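Undergrad: Supplied in structure tokens, the structure appears directly below.
The values are calculated or read from the model by the stated rules, or taken from the named source; none is laboratory data. Just so it is clear, the structure is predicted and the values come from calculations on it, not from any experiment. Neighbour counts are summed over all protein chains in view; Cβ atoms, including those assigned to glycine, are modelled from backbone coordinates with ideal geometry. These accessible areas exclude ligands, DNA and RNA; they are computed on the full protein's heavy atoms, side chains included. Shrake-Rupley method; radii C 1.70, N 1.55, O 1.52, S 1.80 Å.
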Amino acid sequence: MVQRDGVRLAYEVFGPDHGPTVLLMPTWAIIPSRHWKAQIGYLARYFRVVSFDGRGSGGSDRPAGAAAYTDVEYAQDTVAVMDATGTDAAVLVSLSCGATWSVHVAAGHPDRVLGLFAISPSCGFPVSQPDRERYAWDAWHDVRDGWARYNRYFWLEDDYDAFLSFFFGQMFSEPHSTRQIEDCIGWGREVAPETLVDATAGRLGCDGAVCLPIEPLCAEVRCPVTVVAGTDDRVRSYVIGERLAESTGGSLVLLEGSGHGPHTRDPVRVNHLVRGFVDRVCPRVGRTTWTRAARRPERALYLSSPIGLGHARRDVAIAAELRRLRPDLRIDWLAQHPVTRVLEGRGERIHPASAWLANESGHVEHESGEHDLNAFQAIRRMDEILVNNFLVFADVVAEEHYDLVVGDEAWEVDHFLHENPELKRFDFAWMTDFVGWLPMPEGGAAEAALTADYNAEMLEQRARFPRLRDRSIFVGSPDDIVDGDFGPGLPPIRTWTEQNFDFAGYVTGFDPAALRGTEEVRRDLGVRADEKLCLVTVGGSGVGGSLLRRVLDAVPVVRQLVPELTFLFVTGPRIDPASLPEVPGVRVTGYLPDLYRHLAACDLAVVQGGLTTCMELTALRKPFVHVPLRRHFEQNFHVRRRLDRYGAGRCVPYEDAAEPDALAQIIAEEVTREVAYRPVETDGAARAAALLAELL
């Protein structure tokens, strides 16, 4: 915090403590500095970054009266934050009305401003917008539609929430902007209507506030200026951006089809523009190396989803088969924990840039409750992580030469490549074991509409840019695909997938025939001949602590029913084994690099509903109980569909395992069950590798 004239201003500093500083300016008080979330991670890898909540928003104070919110006040706040953070000079990056405040700072303190980068500027140029001008901001209108909602009386006396929905619907004119609109409505609700009225009156020069004309100030700006404006901006016409660029002698970048918030809707393009601008304003001494194409070794970059360990195990198996086909191929991995645990154990090369990846498993754990994870919403709310991680990837492939990129459910790479197809300079193989976001029934119509919107966006991307994926590989068979469609008016999931994917069959990563039923494996793992072993494991995401404790509560009852049954609990790489209480007859261990050997040695397993462990147990023909995470669409629909096809496992809802006696009875019944599963493919890794090798 820094205090100026009795008003506290909340700020944050990111990145290195040296080099150029990028100051992310506040905007209209309706949203806090969190709207820069897609920029901070990327920019802070290269520059020192300062952001602050403008007065009236976020963690800053909310003074009363229009006079507290004039352009001059915001400009002076900016200088105060620069002083408090030890920032002698900075590049000011702004959105909307923040551009006006940047101009004030640049004109009044030219030695403190290295450059101005203005996105969708909302400055006081006399540019006509008839749809807005027929509704005066401070006069009551007996209508509820359109820009009539942009009215102080509507906010104070009528329906503030309706205004937020309308305004942010205008701000994000691009299709499929549900996440951005949802974010901004939530932030807008944190600001009282009275505060927004004061902030708007101060900016417009009403209620005794003084508003200085912008043109004379623009003439005093001496630093470089770049303006970015969307041609479909429905809040402030891009003509205002043209006027700002002309008035300051700056350059203009028009984004065709973009709205008022391109830094959130097209973050990859905007972030690259910001970085390029700062590099031009503050050039750095550096060195680059270029290798002639004929001299470049054959290289592949492999991305394996960190949400669970199943992707890593199958990807290592596929990579091994790929090397058999292409012995000289060098494979680098762009990966994060817990995938790196698997890769390190196999001696794989992890690209150093992996250190810059934001952790997806940590986000998933944060989103989860007691054996509860709305997987669809968790991925939606992972947007800033996905932007950051794509930009790490984009920098790697821009600076180095790769012949092939393999993305195993690397959602960010697939999505943002389709949004920025000009960045593709390699063959790209997309791999997944499910297709289609599906709503959970408890999500109602709202979640059904959101999943359909996400599916529609993916279908549109694929139809518009079929060349982006050089190969789409489904890890499984057509019969593993769920019935149903992508949403109202959208095609059936199975039909579309069969038309757009190659099928590799399932990839186990090991040979079940070499392990199934062997006493040698049990002896190696210390399992006695007269002992029955129940293995309890919850995968690599760290979400399974609740299930582990629920099974622990049932152990004493189970051992009364089946005295020879002992338990091995595997917590995985993200749950501390010491966090579980000691129970007689139970051993607890952490991450096991060769978990499949323990699965082969057990007589029964209790697991979550994750695909990999369930399919490994199916391949090993072991009885198992799987307890899908609540609200996890993939485990409840996609995985369940596949297990039903193989006739494998017993699905138990978490609620049915609430009482120790009930869960103990289920375990006792299943430990003696004879299984008759459909055989699991054993050549999936080789088939997937052959599909990849064709691209090299």
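Undergrad: Does LEU322 fit the bill of being under 21 Å from THR508 (Cβ atoms), in contact (Cβ under 8 Å) with a residue 40 or more places away in the chain, buried (at least 23 other Cβ atoms within 10 Å of the Cβ) and more than 23 Å from the chain's Cα centre (by Cα)?
TA: The answer is yes for LEU322.
Residues checked against (1) charged (D, E, K, R); (2) in a loop (DSSP other than H, G, I, E, B); (3) out of contact with any Asp or Glu (no Cβ under 6 Å at 6 or more places or on another chain); (4) surrounded by 15 or more Cβ atoms within 10 Å (Cβ to Cβ):
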| residue | (1), (2), (3), (4) |
| --- | --- |
| ALA201 | no, no, no, yes |
| PRO213 | no, yes, yes, no |
| PRO216 | no, no, yes, no |
| GLY241 | no, no, yes, yes |
| LEU244 | no, no, yes, yes |
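Undergrad: Quick check on my filter: what residues within the range 652-668 are open to solvent by 40 Å² or more (accessible area, probe 1.4 Å) and without any contact (Cβ under 8 Å) to a residue 60 or more places away in the chain?
TA: Once the filter is applied, which keeps residues that are open to solvent by 40 Å² or more (accessible area, probe 1.4 Å) and without any contact (Cβ under 8 Å) to a residue 60 or more places away in the chain, the range 652-668 yields PRO653, GLU655, ASP656, GLU659, ALA662.
Undergrad: Which residues, counting only those in the range 259-297, are open to solvent by less than 20 Å² (accessible area, probe 1.4 Å), outside any loop (DSSP other than H, G, I, E, B) and either at positive phi or of a type outside the set (Val, Ile, Thr) (or both)?
TA: Listed by number, the residues that qualify are PRO262, HIS263, PRO267, ASN271, PHE277.
Undergrad: Checking GLY310 against (1) at pLDDT 95 or above; (2) buried (at least 21 other Cβ atoms within 10 Å of the Cβ); (3) out of contact with any Pro (no Cβ under 9 Å at 6 or more places or on another chain), which test does it fail?
TA: The single condition GLY310 does not satisfy is (1).
Undergrad: Identify the residue in the range 142-166 that is out of contact with any Asp or Glu (no Cβ under 9 Å at 6 or more places or on another chain) and not in a helix (DSSP H, G or I) and, among all such residues, is most open to solvent (accessible area, probe 1.4 Å).
TA: Once the filter is applied, the top-ranked residue is ASP142.
Undergrad: Can you tell me how many residues in the range 562-583 are touching an Asp or Glu at 6+ places or on another chain (Cβ under 9 Å) and touching a residue at least 60 places away in the same chain (Cβ under 8 Å)?
TA: Final tally of qualifying residues: 2.
Undergrad: Sort through ALA394, ALA410, ALA375 and tell me the only one that's of a type outside the set (D, E, K, R), over 22 Å from LEU629 (Cα atoms) and touching a Leu at 6+ places or on another chain (Cβ under 8 Å).
TA: Result of the check over ALA394, ALA410, ALA375: ALA394.
Undergrad: Any idea which of (1) at negative phi; (2) open to solvent by 10 Å² or more (accessible area, probe 1.4 Å) is the one CYS602 doesn't satisfy?
TA: (2)
Undergrad: Filter the range 28-46 down to the residues that are in contact with a His (Cβ under 7 Å, 6 or more places away or on another chain) and open to solvent by 10 Å² or more (accessible area, probe 1.4 Å) and list them by number.
TA: ALA38
Undergrad: Does the range 469-511 hold any residues that are farther than 19 Å from ARG641 by Cβ, touching a Lys or Arg at 6+ places or on another chain (Cβ under 8 Å) and crowded, with 17+ Cβ neighbours inside 10 Å, and which are they?
TA: ARG469, GLY509
Undergrad: Let me ask something additional. Considering every residue within the range 71-89, establish whether at least one is closer than 23 Å to TRP155 by Cα and either modelled with pLDDT under 90 or surrounded by fewer than 20 Cβ atoms within 10 Å (Cβ to Cβ) (or both).
TA: no
Undergrad: A further question follows. Please specify each residue of the range 167-193 satisfying the condition of being within 17 Å of GLY58 (Cα to Cα), without any contact (Cβ under 8 Å) to a residue 60 or more places away in the chain and either charged (D, E, K, R) or buried (at least 16 other Cβ atoms within 10 Å of the Cβ) (or both).
TA: GLU182, ILE185, ARG189, PRO193
Undergrad: Can you name the condition, by its number, that VAL113 falls short on among (1) at pLDDT 95 or above; (2) surrounded by fewer than 24 Cβ atoms within 10 Å (Cβ to Cβ); (3) not polar (S, T, N, Q)?
TA: The single condition VAL113 does not satisfy is (2).
Undergrad: Another question, if that's okay. How many of the residues in the range 589-613 are in contact (Cβ under 8 Å) with a residue 24 or more places away in the chain and in contact with a strand residue (DSSP E or B) (Cβ under 7 Å, 6 or more places away or on another chain)?
TA: 13
Undergrad: Taking the range 47-67, which residues are surrounded by fewer than 22 Cβ atoms within 10 Å (Cβ to Cβ) and among the hydrophobic types (A, V, I, L, M, F, W, C)?
TA: Listed by number, the residues that qualify are ALA64, ALA66, ALA67.
Undergrad: For the range 663-696, what are the residues that are closer than 30 Å to ALA300 by Cα and not small (Gly, Ala, Ser)?
TA: Hits for the range 663-696 are VAL680, GLU681, THR682, ASP683, ARG687, LEU691, LEU692, GLU694, LEU695, LEU696.
Undergrad: Which condition number does ASP530 fail, the rest of (1) open to solvent by 20 Å² or more (accessible area, probe 1.4 Å); (2) touching a helix residue (DSSP H, G or I) at 6+ places or on another chain (Cβ under 9 Å); (3) not basic (Lys, Arg) being met?
TA: The one condition ASP530 does not meet is (2).
Undergrad: Mind counting the residues in the range 325-355 that are in contact (Cβ under 8 Å) with a residue 24 or more places away in the chain and either among the aromatic types (Phe, Trp, Tyr) or part of a loop (DSSP other than H, G, I, E, B) (or both)?
TA: 11
Undergrad: Do we find a residue being of a type in the set (S, T, N, Q), part of a helix (DSSP H, G or I) and open to solvent by less than 10 Å² (accessible area, probe 1.4 Å) anywhere in the range 445-454?
TA: yes
Undergrad: In the list ASN420, ASN389, ASN374, which residue meets the criterion of being of a type in the set (S, T, N, Q), closer than 21 Å to PRO262 by Cα and surrounded by fewer than 23 Cβ atoms within 10 Å (Cβ to Cβ)?
TA: Being of a type in the set (S, T, N, Q), closer than 21 Å to PRO262 by Cα and surrounded by fewer than 23 Cβ atoms within 10 Å (Cβ to Cβ) holds for just one of ASN420, ASN389, ASN374, which is ASN420.
Undergrad: Among what's in the range 8-27 and is among the hydroxyl-bearing types (Ser, Thr, Tyr) and out of contact with any Cys (no Cβ under 7 Å at 6 or more places or on another chain), pick the residue that is least open to solvent (accessible area, probe 1.4 Å).
TA: THR21
Undergrad: Please verify whether HIS401 is outside any helix (DSSP H, G or I) and open to solvent by 50 Å² or more (accessible area, probe 1.4 Å), treating the condition exactly as stated.
TA: yes
Undergrad: Here is a follow-up. Please go through the range 194-233 and pick out each residue that is farther than 27 Å from ARG62 by Cβ and of a type in the set (Ser, Thr, Tyr).
TA: Scanning the range 194-233 gives THR226, THR231.
Undergrad: Please tell me if ALA209 is open to solvent by less than 30 Å² (accessible area, probe 1.4 Å), aliphatic (A, V, I, L, M) and touching a residue at least 40 places away in the same chain (Cβ under 8 Å).
TA: Yes: the conditions hold for ALA209.
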